[in-house]
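Participant: The structure's right below; bear with me while I get my questions together.
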Amino acid sequence: MNKLILLFFILLVITTILLAQQNYTVTVVTAGENKPVEEVAITTSGNRYHAVSDGKGVFTITAFPNDTLYFSRVNFISLAISVADLKPPYTIHLSENDGLLQNVVVSTGYQTLPKERSTGSFVQVDNLLLNRATGANILERLNGVANSVLFDANSSRPPITIRGIGTLTKSSRTTDPLIVVDNFPYEGDINNINPNDVENITILRDAAAASIWGARAGNGVIVITTKRGRMNQPFRLSFNSNITVRDKPDLFYQPAMSSSDFIDMETFLFNKGFYDADLANTANWPVISPVIQLLNQQKTGQVTEAESARRINDYRQIDLRNDYLKYLYRKSVAQQYAVSVSGGKENVAYLTSIGYDKNIAALIGNQNDRLTINSILTLKPVSKLSLQFRTLFTKSGSKNNGSLPSISENRIVFPYYRLTGDNGEPLVWEKDFSSPFKDTAGAGRLLNWQYKPLDELENADNSFKSSDILLALNAGYEIFKSLKAEVVYQYQNAKTETSKYYNPETYYTRNLINLFSSLTSTGINRPVPLGGILDLQSGQLHAQALRGQLNYNSNFGKSNIYGIAGSVIRKVTNNSSGFRTYGMGNNLTHTDIDPTRIYPIYGGLNYNPRIPSGIVFSGLDDRMVSLYTNLSYDYDRGYIFSASARKDASNIMGVAANNKWKPLWSAGFSWALSNEKFYQYSY
């Protein structure tokens, strides 16, 4: 009985819903001319029902009386109308928006212009596309969403390239794409840019697009435009956060030789005498794999054939990747938090944002965090004058304590290695010199010379800190309606500090002390003192740039002329230094060493006879003066000609006088076929 009542109730609800729904047949036409509009997408509230208008502009859709219908089509202004407001004969008028595509603008870093007015090759990535992916690195968000941009983290060349590597100069400084942030080249670490502060990115891919940047644009230009407040905008507070948890990396994804196959290869090479020279080398004692040592012991009668086969068979069952996943890797966690306030009145606009990122890397011992503060204030004190002040501050830090040889380094890491024994104790790996030599060297008087990877993770202490502040001032004045002048100044100061402390238990410290040790009849002489080793490095960047520019924009009937001309002066100074301290103790004491003296190396091993000093000083001073101009002529929105010219005086082009001023130019032409009267294709 209860089931019948329930069934009756369900049928009653369904009937009520069906009676409430109605089918509406609607015609969509253009406003004014009443021409049918086909392929208009119609959606009801909640995306419950969808429809598309036919060639006569007609569609039928099911909707509730309290629903809202949403109309959208390219080149038309979107419309929303309540079903209750529909009146017979159910005709909807959509207004054309010929300027819609013109609202899509690209930025070259010197000017913004409608995309269809450009003759160069651009790729634009808007804020919506950037936010499809999460991550603290702005360039990584471009991976997979912008064509002609190649990401290759395993390459020895730059990890990001546009169209390939340029050949303007042989300097390594000119192989990377030029990164432009808010109209100026960004000289600091691009990781300091918070993706949440970015409004859009334009990638300049060819000469017609990138020549305005001169010599540095040989490998393409990535122009980043950050968010800013707008005038006459109400106060707005926004907050967003995301937490991304990723599983451990799949070390088995890439095909690799199994331990058994690797052992078969070693056995084959051993039988062919491939390792004879290494086995007989008692001068440098090169690393010999455990399997080769067993095969040699069997050959010399130190172990039986059955014992050797048993132990080698045990090795065949091991896959080091399992130990790596168990002891070295974990699930990575990336946290992002961002808050911003923005708004504006008639003559002022502001935006201030604060972001914090904290990432725990997949490799145990590695993590990083970043704090960013971004502020942009725009003022218009008088009708023709505009001022903009920008401040960007970034502070970041990282720990990189989880560094071990890659599994692919098979001369160091053998696939049948294990990190721990059956009872969980750290196991010894071969490193630098073979274990038969290290195990007997010094008859116990030297420091322990064994290398245990898991112990190294516990003893590592590597950190990196950086801070970056950027200040910019932009002043623009409208001289005439068609002519505007602007002056932009930017100052940037970045500092970095790197610290690596090798405590007395690390293999690096013990190995270096042993190499320079010498045994005497009364004891042992150690030119490298006992204690820890501390490496400190610091870097500082100062960059200043000043640019003056005239912008011209004029219309004469069907002709439109757009032009810019200006000059840039820029100076970048980059200095770094480093030093090393030996014999570091808990009480911050240290011991001086003589880095100029030549010492005997223990056992006559092949090693640099001078103690590494770690003292490094370097300086780089880049100066540039540039003159540039760009002109674009547009006739009847269909025929577009553009030209750019630039002359750079820069020390990256060499010291020869005739190389100091490099002339660069480009020209382009485009034809908008769709604007021709004979072109009748409709969507």
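Participant: Looking at this structure, is LEU320 surrounded by fewer than 17 Cβ atoms within 10 Å (Cβ to Cβ) and not charged (D, E, K, R)? Working first, answer last.
Facilitator: Working: surrounded by fewer than 17 Cβ atoms within 10 Å (Cβ to Cβ): no; not charged (D, E, K, R): yes.
Criteria not met by LEU320.
Participant: Restricting the range 471-498 to residues that are in contact with a Phe, Trp or Tyr (Cβ under 8 Å, 6 or more places away or on another chain) and either of a type in the set (Ser, Thr, Tyr) or assigned to a loop (DSSP other than H, G, I, E, B) (or both), which is farthest from THR581 (Cα to Cα)?
Facilitator: Filtering first and then ranking leaves SER482.
Participant: For the range 257-277, give me each residue that is open to solvent by 40 Å² or more (accessible area, probe 1.4 Å), under 20 Å from ARG311 (Cβ atoms) and free of Cβ contacts under 8 Å to residues at least 24 places away in the same chain.
Facilitator: ASP261, ASP264, MET265, PHE268, LEU269, ASN271
Participant: Of all the residues that make up the range 237-249, how many are open to solvent by less than 60 Å² (accessible area, probe 1.4 Å), in a loop (DSSP other than H, G, I, E, B) and either among the polar types (S, T, N, Q) or in contact with a helix residue (DSSP H, G or I) (Cβ under 7 Å, 6 or more places away or on another chain) (or both)?
Facilitator: 0
Participant: Out of (1) among the polar types (S, T, N, Q); (2) over 23 Å from the mean Cα position of the chain (by Cα); (3) farther than 24 Å from PRO504 by Cβ, the odd one out for THR440 is which?
Facilitator: Of (1) among the polar types (S, T, N, Q); (2) over 23 Å from the mean Cα position of the chain (by Cα); (3) farther than 24 Å from PRO504 by Cβ, only one is false for THR440: (3).
Participant: Inspect the range 528-547 for any residue being within 30 Å of SER383 (Cβ to Cβ) and either among the aromatic types (Phe, Trp, Tyr) or surrounded by fewer than 19 Cβ atoms within 10 Å (Cβ to Cβ) (or both) and give the result as yes or no. Spell out the reasoning first.
Facilitator: First pass over the range 528-547, keeping only residues within 30 Å of SER383 (Cβ to Cβ): 545-547.
Add one more test, that the residue is either among the aromatic types (Phe, Trp, Tyr) or surrounded by fewer than 19 Cβ atoms within 10 Å (Cβ to Cβ) (or both), and what stays is 546.
Yes, that holds for at least one residue.
Participant: Something else: Take the range 587-633 and flag every residue that is among the aliphatic types (A, V, I, L, M), on the phi < 0 side of the Ramachandran plot and free of Cβ contacts under 8 Å to residues at least 60 places away in the same chain.
Facilitator: If we filter the range 587-633 for residues that are among the aliphatic types (A, V, I, L, M), which is where we start, we get 588, 593, 598, 601, 605, 611, 615-616, 620, 624-625, 627, 631.
Imposing the further condition that a residue be on the phi < 0 side of the Ramachandran plot reduces the set to 593, 598, 601, 605, 611, 615-616, 620, 624-625, 627, 631.
If the condition is that a residue be among the aliphatic types (A, V, I, L, M), on the phi < 0 side of the Ramachandran plot and free of Cβ contacts under 8 Å to residues at least 60 places away in the same chain, then ILE598, ILE615, LEU620, MET624, VAL625 are the ones that fit.
Participant: What pairs come up if the first residue lies in the range 222-236 and is touching a residue at least 12 places away in the same chain (Cβ under 8 Å) and crowded, with 19+ Cβ neighbours inside 10 Å, the second is of a type in the set (Ser, Thr, Tyr) and assigned to a loop (DSSP other than H, G, I, E, B), and their beta carbons are under 7 Å apart, counting only those six or more places apart or on different chains?
Facilitator: The qualifying pairs are VAL223/THR108.
Participant: Kindly check whether there is at least one residue in the range 407-424 that is among the β-branched types (Val, Ile, Thr), in contact with a helix residue (DSSP H, G or I) (Cβ under 9 Å, 6 or more places away or on another chain), over 26 Å from ALA460 (Cβ atoms) and buried (at least 18 other Cβ atoms within 10 Å of the Cβ).
Facilitator: No, that holds for no residue.
Participant: In the range 561-593, what residues are modelled with pLDDT of 90 or more, polar (S, T, N, Q) and open to solvent by 50 Å² or more (accessible area, probe 1.4 Å)?
Facilitator: Those that are modelled with pLDDT of 90 or more, polar (S, T, N, Q) and open to solvent by 50 Å² or more (accessible area, probe 1.4 Å): ASN574, ASN575.
Participant: Please specify each residue of the range 190-225 satisfying the condition of being of a type in the set (Lys, Arg) and within 24 Å of ILE569 (Cα to Cα).
Facilitator: ARG216
Participant: Run down ILE212, ILE201 and say which single residue is part of a strand (DSSP E or B), modelled with pLDDT of 75 or more, among the β-branched types (Val, Ile, Thr) and in contact with a strand residue (DSSP E or B) (Cβ under 7 Å, 6 or more places away or on another chain).
Facilitator: The match here is ILE201.
Participant: Another question about this same structure. Consider ALA280 carefully, then state whether it is open to solvent by 40 Å² or more (accessible area, probe 1.4 Å), at pLDDT 90 or above and of a type in the set (Gly, Ala, Ser).
Facilitator: Yes, satisfied.
Participant: Sticking with this structure for a sec: Identify all residues within the range 445-479 that are of a type in the set (Phe, Trp, Tyr) and open to solvent by 30 Å² or more (accessible area, probe 1.4 Å); write none if there are none.
Facilitator: If the condition is that a residue be of a type in the set (Phe, Trp, Tyr) and open to solvent by 30 Å² or more (accessible area, probe 1.4 Å), then PHE464, TYR477 are the ones that fit.
Participant: For the range 500-532, give me the residue count where each residue is part of a loop (DSSP other than H, G, I, E, B) and in contact with a Gly (Cβ under 7 Å, 6 or more places away or on another chain).
Facilitator: Number satisfying all stated conditions: 5.
Participant: When residues of the range 594-639 are filtered for being part of a loop (DSSP other than H, G, I, E, B) and open to solvent by less than 70 Å² (accessible area, probe 1.4 Å), how many remain?
Facilitator: So the count comes out to 11.
Participant: Could you tell me which residue of the range 480-511 is most open to solvent (accessible area, probe 1.4 Å), considering only residues that are hydrophobic (A, V, I, L, M, F, W, C) and in contact (Cβ under 8 Å) with a residue 60 or more places away in the chain?
Facilitator: So, considering only residues that are hydrophobic (A, V, I, L, M, F, W, C) and in contact (Cβ under 8 Å) with a residue 60 or more places away in the chain, the one most open to solvent (accessible area, probe 1.4 Å) is VAL487.
Participant: Between a residue in the range 427-442 that is on the phi > 0 side of the Ramachandran plot and any residue that is open to solvent by less than 60 Å² (accessible area, probe 1.4 Å) and not β-branched (Val, Ile, Thr), which pairs come within a Cβ distance under 7 Å, given they are 6 or more apart or on different chains?
Facilitator: Qualifying pairs under 7 Å: ASP432/ASN511.
Participant: Sticking with this structure for a sec: Restricting attention to the range 283-301, which residues are surrounded by fewer than 14 Cβ atoms within 10 Å (Cβ to Cβ) and closer than 30 Å to ASN322 by Cα?
Facilitator: none
Participant: Any residue in the range 348-371 that is free of Cβ contacts under 8 Å to residues at least 60 places away in the same chain, within 30 Å of GLU456 (Cα to Cα) and open to solvent by less than 30 Å² (accessible area, probe 1.4 Å)?
Facilitator: Scanning the range 348-371, I find at least one residue that is free of Cβ contacts under 8 Å to residues at least 60 places away in the same chain, within 30 Å of GLU456 (Cα to Cα) and open to solvent by less than 30 Å² (accessible area, probe 1.4 Å), so the answer is yes.
Participant: Can you tell me which residue in the range 548-558 is farthest from ASN493 (Cα to Cα), limited to those that are open to solvent by 20 Å² or more (accessible area, probe 1.4 Å) and touching a residue at least 60 places away in the same chain (Cβ under 8 Å)?
Facilitator: By that ranking, first place goes to LYS558.
Participant: Can you give me the number of residues within the range 44-71 that are in contact (Cβ under 8 Å) with a residue 12 or more places away in the chain, under 15 Å from LEU86 (Cβ atoms) and outside any loop (DSSP other than H, G, I, E, B)?
Facilitator: Residues meeting the conditions: 12.
Participant: Report, by residue number, each residue of the range 512-543 that is within 33 Å of the chain's Cα centre (by Cα) and in contact (Cβ under 8 Å) with a residue 60 or more places away in the chain. Outline the logic, then answer.
Facilitator: Initially, the range 512-543 is screened for residues within 33 Å of the chain's Cα centre (by Cα), giving 533-543.
Scanning the range 512-543 gives ASP535, GLN537, LEU541, ALA543.
Participant: Quick one: in the range 335-346, of everything that is surrounded by fewer than 18 Cβ atoms within 10 Å (Cβ to Cβ) and either in contact with a Leu (Cβ under 6 Å, 6 or more places away or on another chain) or not β-branched (Val, Ile, Thr) (or both), which residue is farthest from ARG236 (Cα to Cα)?
Facilitator: Ranking the qualifying residues of the range 335-346, first place goes to GLN335.
The values are calculated or read from the model by the stated rules, or taken from the named source; none is laboratory data. Since this is a predicted model, take the numbers as computed values, not measurements. No Cβ is skipped: glycine too gets one built from the backbone with ideal geometry, and neighbour counts run over all protein chains shown. Please note that ligands, DNA and RNA were not included when accessible areas were found on the heavy atoms of the full protein model with its side chains. Shrake-Rupley method; radii C 1.70, N 1.55, O 1.52, S 1.80 Å.
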